[in-house]
Structures are given as structure tokens and as C-alpha cells.
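Take a look at the structure set out below.
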Amino acid sequence: MEPDHEERRLTTILSADVVGYSRLMAADEAGTVAQLKTHRKELLDPKTTEYHGRVVKLMGDGALMEFGSVVDAVLFAVVVQRAMAERNASVPEDRQITYRVGINIGDIIVDGDDIYGDGVNVAARLEGLAEPGGICISRTVFNHVKNKVELSFEDLGDQEVKNIPEPVRVFRVLIDPETAGVVRIKAKTAKVSWRRSALAAAAVLLFAAAGLVIWQRPWEPREEPASIERMAFPLPEKPSIAVLPFDNLSGDPGQEPIADGITENIIAALSTVPHLFVIARNSVFTYKGSPVQVRRVAEEQGVRYVLEGSVQRFGDRLRITAQLIDAITGSHLWSERYDRDVKDMFALQDEITLKIVEALQVKLTEGEQARIARKGTDNLEAWLLRNQSRRLFLRFTKEDNVRSRELAQKAVDLDPEYAGAYIRLGWTHWIDAQAGWGKSRADSLRRAVEMAQVAENLDDANPKSFALLGVIHLILRQHDQALAYMEKAIELGPNDSGSIALLAFVLNYAGQPGKALTLLPKAMRLSPYYEDWYLGELGRAYLLTGQYDEAIEALKQRLRRNPESGEAHVLLAAAYGKLGRENEAQAALAEFLKPRPYYTLRHYAQGEFYKNTEDLERVLDGLRKAGLPE
């Protein structure tokens with residue numbers, strides 16, 4: 001019987017991505033998406049057809065393409081990059097859409113409309129080496145096009161790239177038409193005499209005799225260093241780190257939740273260390289599925305250190321690799337490969353976290369060490385169910401919340417001692433009470449309190465249970481208790497962006513919007529790709545402190561990212577009303593009333609939980625001026 005034969009072919013692969021995509025999306029999600037769609041419709045799609053290309057798949061921040069002709073691929077890239085430069089000429093620098101492009105010729109595996117293989121991986125690595133607005137090509141591509149196109153090239157020499165065993169010879173396409181026909185050589189191999197060869201060989205042997213430590217020196221750059229000047233944010237005074245999503249190398253997409261869960265657990269554990277600055281999950285997961293350079297991550301997130309790793313499962317065995325990189329120097333501070341049983345995975349996550357802290361020379365108290373290794377679960381299925389429940393919850397729909405609750409309950413059934421599963425259950429009941437999705441608001445709150453208290457009893461060092469108790473007591477209008485619980489959550493998880501934003505949420509209602517204004521920028525800095533509700537609370541804080549223009553700007557930003565936010569529309573109407581901008585106030589109010597035409601000032605007052613009457617009255621006065629009836 002003949003073995004199965006997979007379909008393969010030789011082709012030209014083009015990989016492209018948007019420079020600073022997460023920063024652009026965080027600043028203006030709707031505007032960035034609109035720009036990308038316009039560029040694709042007006043430029044990329046027509047040029048793809050003209051140069052006989054095929055889009056294999058589109059990602060949010062880039063594309064993978066295939067061309068039958070290598071000349072067509074290179075010309076397509078040059079035409080697009082030149083056109084994008086012209087389009088960006090009249091756009092503010094911080095809003096420009098700029099691409100990096102990598103092109104390779106390679107043997108690929110064909111799976112339906114998708115393609116895989118080292119040929120694709122090399123193209124992605126070439127794209128990562130390209131400058132913003134630039135193009136990098138492999139030696140094979142260069143050899144095919146050097147005498148067929150009127151372009152110039154710069155030889156960048158052999159480059160070591162991630163997950164490719166052999167160095168790749170890289171050429172940069174010099175797009176300026178005035179340099180056509182020029183080939184600049186950056187890395188030539190000099191001819192040497194036999195004596196010099198002998199001396200070189202002797203030197204190699206001498207270094208080898210000195211030991212392997214020489215080539216493992218941590219001060220020797222292995223990555224292209226990041227530029228402090230190009231960073232989107234100033235570097236924090238504390239050691240700052242971004243944990244990239246671990247790669248799933250198992251060859252089975254079903255193992256993806258394990259890789260994601262390990263990443264999330266390491267981030268959560270590091271977030272309990274007060275001496276660190278840790279980028280939140282939302283921001284680092286924008287890089288998932290895309291090959292990225294450490295330099296780029298550091299510059300976009302404003303951090304010095306980056307952790308990257310991979311997970312591979314073989315039955316009941318697990319191989320995890322991790323490496324910690326100083327992006328400023330390009331040096332590897334620490335790296336390790338672990339081969340363990342799957343049942344040891346949770347202890348291994350704690351071990352990796354402590355290794356990172358040690359490598360960053362951070363000293364922990366006994367309590368801080370205990371929080372890193374806090375009680376979770378040893379049941380893999382329960383852990384996966386809890387993680388899946390969280391993702392469904394964050395979609396914030398009634399249907400997904402029901403499903404989220406079902407999965408969290410299954411996790412509890414599998415491990416009744418798992419605090420994280422009870423916390424997830426509690427949040428599903430809380431959102432029922434907040435959004436009015438449950439049959440009884442009182443019953444939903446009662447169930448939420450029960451779940452949070454069980455979680456606290458099981459693990460009194462878990463900040464998430466205190467954050468849940470904080471927002472529960474806010475709805476109950478017990479503002480002092482709500483603040484006490486939220487402050488405890490921040491004490492236990494000082495780097496938790498979500499908890500800091502929730503504390504600002506509670507402060508807004510507890511009569512302290514000025515303090516909320518100091519906390520929200522910190523939450524946003526910890527998660528540059530923050531959720532849109534952060535902007536809603538920023539707008540509320542500005543509104544409650546009488547800074548109406550600032551409130552309008554923050555709320556409009558939220559609506560650009562989430563046009564369906566009723567809360568943003570109603571607060572925007574109040575801010576416009578307070579400024580006497582009647583037409584805009586009425587327009588914002590009309591958007592809010594579309595799904596709720598029955599709504600009155602009384603409905604709003606009953607649904608809110610402000611501690612101070614004057615804060616509620618400020619919002620009501622703005623809505624009254626916008627035209628909302630009593």
C-alpha cells in the first residue's frame with residue numbers, strides 16, 4: 001500500500017504586515033480598520049489582480065500571498081510600497097499605515113486554499129527583518145530577479161532567523177528609482193591565504209578549548225536591539241516585560257488552548273509581583289499567530305524584556321521552551337527547555353515564572369513567592385474549561401454568558417477545590433445582574449456573592465475574587481466595602497490592568513472621579529491594546545469632574561471602537577448637553593434611544609449607583625438638556 005502523498009509545489013511567497021498595528025488599533029480601532037479596508041480596495045486588490053497574485057489569507061495586521069512569477073511578486077511589492085508612501089504623505093505620522101514585506105521562493109505544502117512549510121516561514125522571517133515601508137528578499141529571489149527588473153538591492157548578508165536551522169541570505173530592495181541597477185554589498189566573504197586559514201583554524205580550536213561559555217555570553221547580542229527613541233511609551237522605572245503567546249508546535253490546533261493558557265498563567269503570576277511592570281494579556285495576544293521581532297514588540301509595548309516560548313505535546317509528555325530577551329541589548333538573559341509529564345505542567349509554570357523573576361534580579365518576599373505559586377488546579381480538563389469560559393464571557397452577550405456559565409460549572413464539578421472556576425461562575429452571575437439578563441437581579445447578585453466567597457475561602461491570595469466582590473458591592477451601593485475589596489485586589493495584583501480599571505470604575509461611582517483619572521492612564525499603559533470600556537470610564541470621570549470637552553473626546557474614541565455602546569452614547573449626550581451643544585446632544589441621545597425608546601430620566605437614575613447625589617444630578621442635568629424626558 002502506498003503512503004499518503006501530500007500535495008507540494010514550488011512557489012513565490014509574499015508575507016506582509018502592518019507596522020505598529022496594536023498601537024494603531026488601541027488609538028483608533030474603527031479608523032484603523034477603515035483605513036486598511038480602503039487601502040485593500042483601492043490599491044492592494046487591484047494590484048494583486050494586475051500582477052497575477054493570490055491572497056492565501058488575511059490577518060488583522062497583514063497578509064500571506066502567493067505568486068506564480070517571482071518577478072511579479074517583487075514588482076507588486078515595490079509598486080505597493082511606493083504607492084503607500086505617497087498615500088501617507090498627507091497623513092499624520094502616528095496614523096500612517098505602513099507595511100513590511102518579505103518575499104521567498106520555496107517548496108510548500110498545500111492544504112486546500114492554505115499553504116504551509118519552511119518556504120512560508122522564511123518569507124515571514126524576511127518580512128520581520130524589513131524596515132517600515134521596506135522589502136526584504138531571499139537569495140533565491142534575488143538571483144531570479146537581479147537581471148530582470150530595474151531595481152537596486154543591498155546585500156545584508158547571512159541572517160540567523162527564528163525556527164529556521166540554516167542562516168538565510170537576505171537582500172533589501174532599494175525602492176528609490178534613482179538607484180536602479182545598483183547592488184550594494186554589505187557582507188562579502190574575503191579571500192584568505194592558507195596561512196591565514198591555518199591561523200583562523202587554530203584560533204577556533206583555542207576558543208573551543210576555552211569552553212562553551214564564550215559563545216553563550218549574555219552580553220553578546222543575538223537579536224536586533226530595540227531603540228529607546230522609537231518606543232511608543234517611555235520605559236518604566238521598574239523592570240518591564242511582555243510575555244508573547246507561546247507557539248503551539250504540536251501540529252494539532254486542538255492543543256492551542258494549552259499554549260494560550262500557559263501564557264495567560266505566566267502573565268497572571270508575574271502581575272502579582274509589585275517590583276515588575278507586566279503588559280496585560282489583551283495587548284500581547286494581538287501578536288498571536290504572527291511572526292514578530294522582539295525589537296518590534298518592545299518598541300510597540302514600551303518594555304525592555306520580552307519572553308517568548310513554545311509548547312509541544314506528545315501524548316502525556318509536554319515539551320516547553322522559554323527564553324527571556326533583553327530587547328535593548330538583543331541579549332538572551334535566560335533560556336531553558338523542559339520535558340515533563342502533562343500532570344507537572346502547573347508546577348512548571350510557577351518554576352518558569354520564578355526563573356524570570358530571578359533573571360530580572362527581583363527579590364521577592366515569602367508572601368510574594370507564595371502568590372506566584374498560589375493554589376490553582378491539577379485537573380487539566382477543569383483548567384481548560386475555565387479558560388474557555390473566560391473567553392466566552394468576554395464577548396459580553398447573553399448567549400455567550402450562558403455558555404460561559406455552563407463551562408465554568410463543569411470545571412467546578414471536575415475540581416470542587418478550584419477557586420478560579422468559582423470566580424468565573426461569579427462573574428457570569430454578576431453580568432446577569434448588571435445587564436438585566438437574569439430572571440432576578442437580586443438572585444443573580446446573591447449567586448455572585450456566594451461564588452466569590454467560596455473562591456476567597458479556597459484561595460485568599462487570588463486578586464480576582466476580591467475584584468469580583470468589589471463590583472458586587474458597588475451594585476449593592478455599598479461603596480466603602482466595594483473600594484476596600486478593590487484595593488485588596490490591587491494589593492495582590494498590582495500589575496493587573498483590568499483590576500486597576502475596575503477600581504477606577506468603582507471610584508467614579510463612589511464620588512472620587514479625580515482619583516479615577518489618575519488610575520485609568522496606568523491601566524491603559526499596562527495594556528496598550530485596552531478594552532473599549534476603559535475609555536467609557538475615562539469619559540465618565542471627565543464628565544463628573546466638569547471636563548466636558550475631554551469627556552466628549554474619550555467617549556467618541558470608545559464609539560469608534562464600539563459603535564454599539566449605549567453607555568457611551570448616553571454619557572456623550574450628557575456631556576454635549578452640559579456644554580449647550582443641543583444638536584449634537586440630541587443626535588447622541590437618539591442613538592441611545594433606538595433600542596430603548598421607552599427610556600426616561602427616571603429609568604437612568606434607577607439603574608445607576610452613584611454615591612453622591614450631585615454626581616447623579618450632573619449627568620441627569622446633561623441628559624435633561626439633551627431632551628431625555630422625566
If I filter region 469-476 for residues that are closer than 20 Å to Glu608 by Cβ and surrounded by fewer than 19 Cβ atoms within 10 Å (Cβ to Cβ), do I get at least one hit? yes
Residue hits (region 41-71; among the basic types (Lys, Arg) and either free of Cβ contacts under 8 Å to residues at least 12 places away in the same chain or on the phi > 0 side of the Ramachandran plot (or both)) are Lys41
Expected single match for surrounded by 13 or more Cβ atoms within 10 Å (Cβ to Cβ) and of a type in the set (Lys, Arg) among Lys625, Lys594 is Lys625
Look at region 401-458 and say how many of its residues are over 18 Å from Glu381 (Cβ atoms), touching a Gly at 6+ places or on another chain (Cβ under 9 Å) and not in a helix (DSSP H, G or I). 1
Among the residues of region 67-111 satisfying the criterion of being in contact with a Lys or Arg (Cβ under 8 Å, 6 or more places away or on another chain) and buried (at least 20 other Cβ atoms within 10 Å of the Cβ), which is nearest to Asp176 (Cα to Cα)? Val80
Is one or more of the residues making up region 337-344 in contact with a Lys or Arg (Cβ under 6 Å, 6 or more places away or on another chain) and buried (at least 22 other Cβ atoms within 10 Å of the Cβ)? no
With closer than 16 Å to Gln323 by Cα and of a type in the set (Phe, Trp, Tyr) as the only criterion, which of Tyr305, Tyr287 stands out? Tyr305
Residue selected from region 320-331 under the condition touching an Asp or Glu at 6+ places or on another chain (Cβ under 8 Å) and assigned to a strand (DSSP E or B), by the criterion surrounded by the most Cβ atoms within 10 Å (Cβ to Cβ): Ile325
Which ones in region 31-50 are of a type outside the set (Val, Ile, Thr) and open to solvent by 40 Å² or more (accessible area, probe 1.4 Å)? Ala34, Gln35, Lys37, Arg40, Lys41, Glu42, Asp45, Pro46, Lys47, Glu50
Residue under question is Ala280, and the condition is that it be open to solvent by less than 10 Å² (accessible area, probe 1.4 Å) and not hydroxyl-bearing (Ser, Thr, Tyr); does it hold? no
Search result, residues across region 310-319 that are open to solvent by 10 Å² or more (accessible area, probe 1.4 Å) and assigned to a strand (DSSP E or B): Ser310, Gln312, Arg313, Phe314, Arg317, Arg319
How many residues does region 403-414 contain that are out of contact with any Leu (no Cβ under 6 Å at 6 or more places or on another chain) and either buried (at least 24 other Cβ atoms within 10 Å of the Cβ) or under 13 Å from Val454 (Cα atoms) (or both)? 1
Which of the residues spanning region 458-468 are open to solvent by less than 20 Å² (accessible area, probe 1.4 Å) and free of Cβ contacts under 8 Å to residues at least 60 places away in the same chain? Ser465, Phe466, Ala467, Leu468
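Okay, residues lined up against (1) modelled with pLDDT of 90 or more; (2) within 37 Å of the chain's Cα centre (by Cα); (3) farther than 23 Å from Ala30 by Cα:
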| position | (1), (2), (3) |
| --- | --- |
| Arg561 | no, yes, no |
| Tyr599 | yes, no, yes |
| Phe609 | yes, yes, yes |
| Asp615 | yes, yes, yes |
| Val619 | yes, yes, yes |
Check region 514-521 and report whether any residue there is in contact with an Asp or Glu (Cβ under 8 Å, 6 or more places away or on another chain) and either part of a helix (DSSP H, G or I) or of a type in the set (A, V, I, L, M, F, W, C) (or both). yes
When region 248-267 is examined, which residues are found to be of a type in the set (A, V, I, L, M), in contact (Cβ under 8 Å) with a residue 40 or more places away in the chain and either closer than 13 Å to Ser497 by Cα or open to solvent by 30 Å² or more (accessible area, probe 1.4 Å) (or both)? Leu249
Filter result (touching a strand residue (DSSP E or B) at 6+ places or on another chain (Cβ under 7 Å) and open to solvent by 50 Å² or more (accessible area, probe 1.4 Å)) within region 114-130: Tyr116, Asp118
Here the residues within region 135-166 that are open to solvent by less than 60 Å² (accessible area, probe 1.4 Å) and more than 16 Å from Ser69 (Cα to Cα) are Ile135, Cys136, Leu151, Ser152, Phe153, Glu154, Asp155, Leu156, Gly157, Gln159, Val161, Ile164
Condition met for Lys398 (farther than 26 Å from Asn562 by Cα, surrounded by fewer than 22 Cβ atoms within 10 Å (Cβ to Cβ) and either in contact (Cβ under 8 Å) with a residue 40 or more places away in the chain or in contact with a helix residue (DSSP H, G or I) (Cβ under 8 Å, 6 or more places away or on another chain) (or both)): no
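The values are calculated or read from the model by the stated rules, or taken from the named source; none is laboratory data. Remember, it's a predicted structure, so these values are computed and weren't measured experimentally. Here Cβ is always computed from backbone atoms with ideal geometry, including for glycine, and neighbour counts include all displayed protein chains. Ligands, DNA and RNA are stripped out before the accessible areas are found, and what is left, the full protein with its side chains, is counted by its heavy atoms. Shrake-Rupley method; radii C 1.70, N 1.55, O 1.52, S 1.80 Å.
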